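Structure record follows, encoded as structure tokens.
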């Protein structure tokens, strides 16, 4: 378990510059948030459950971090894309790219973004949210 923690910390440090602004660093918030995404069960990940899991952040702090315009989502995703593309260059080992969207089957049309679309959770097109 300690080697996984060490690997995650090392990996995360490459991206930590995206969470720092002039007066305040969101680095620790980001680290705690992303670590919680891996520790909690997939179906139970929301701001309240992450706050319950973390003693250092409350639900409001997590919401503020996620919705803050103080760090650039686009710059972070650009770096993730660059780092990912490096794995495909001159690599002698087989590599796979897995993109896992979270889809929910829905009845009716009252929820946001509900439409007929492919839902990976059932493996076909149906009414749902992705």
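Nothing in this text is a laboratory measurement; each read-out follows from the coordinates by a stated rule. Every value quoted in this text rests on a predicted model; they were computed, and no experiment measured them. Backbone-built Cβ (ideal geometry, glycine too); neighbour counts: all protein chains shown.
Compared with the alpha-carbon gap, the fully stretched path from residue 52 to residue 38 is longer by 3.6 nm at 0.36 nm per residue. Cα centroids of the stretch 102-130 and the stretch 27-51: how far apart, whole angstrom? Each part reduced to its Cα centre gives a spacing of 24 Å.
Evaluate E = 1/(1 + (r/R0)^6) for residue 83 and residue 109, where r is the Cβ-Cβ distance and R0 equals 35 Å; express this FRET efficiency to the nearest 0.05.
About 0.35, to the nearest 0.05.
Let me check against my output: what whole-number percent is the relative contact order of the chain, with C-alpha pairs under 8 Å and at least 6 apart? Provide the component values of the computation, followed by the final result.
Values: 107 pairs, mean separation 19.7, N = 130.
In percent, rounded to a whole number, it is 15.
Distance between the modelled labels on residue 8 and residue 64, one decimal in nanometres: 2.4 nm (7 Å Cα→Cβ projection).
One quarter of the convex hull surface built on the alpha carbon atoms of the chain amounts to 11.0 nm², the projected area averaged over directions.
Using the Stokes-Einstein relation with a Kirkwood hydrodynamic radius computed over Cα pairs, the translational diffusion coefficient of the stretch 14-87 at 10 °C and a viscosity of 1.306 mPa s comes to 120 µm²/s.
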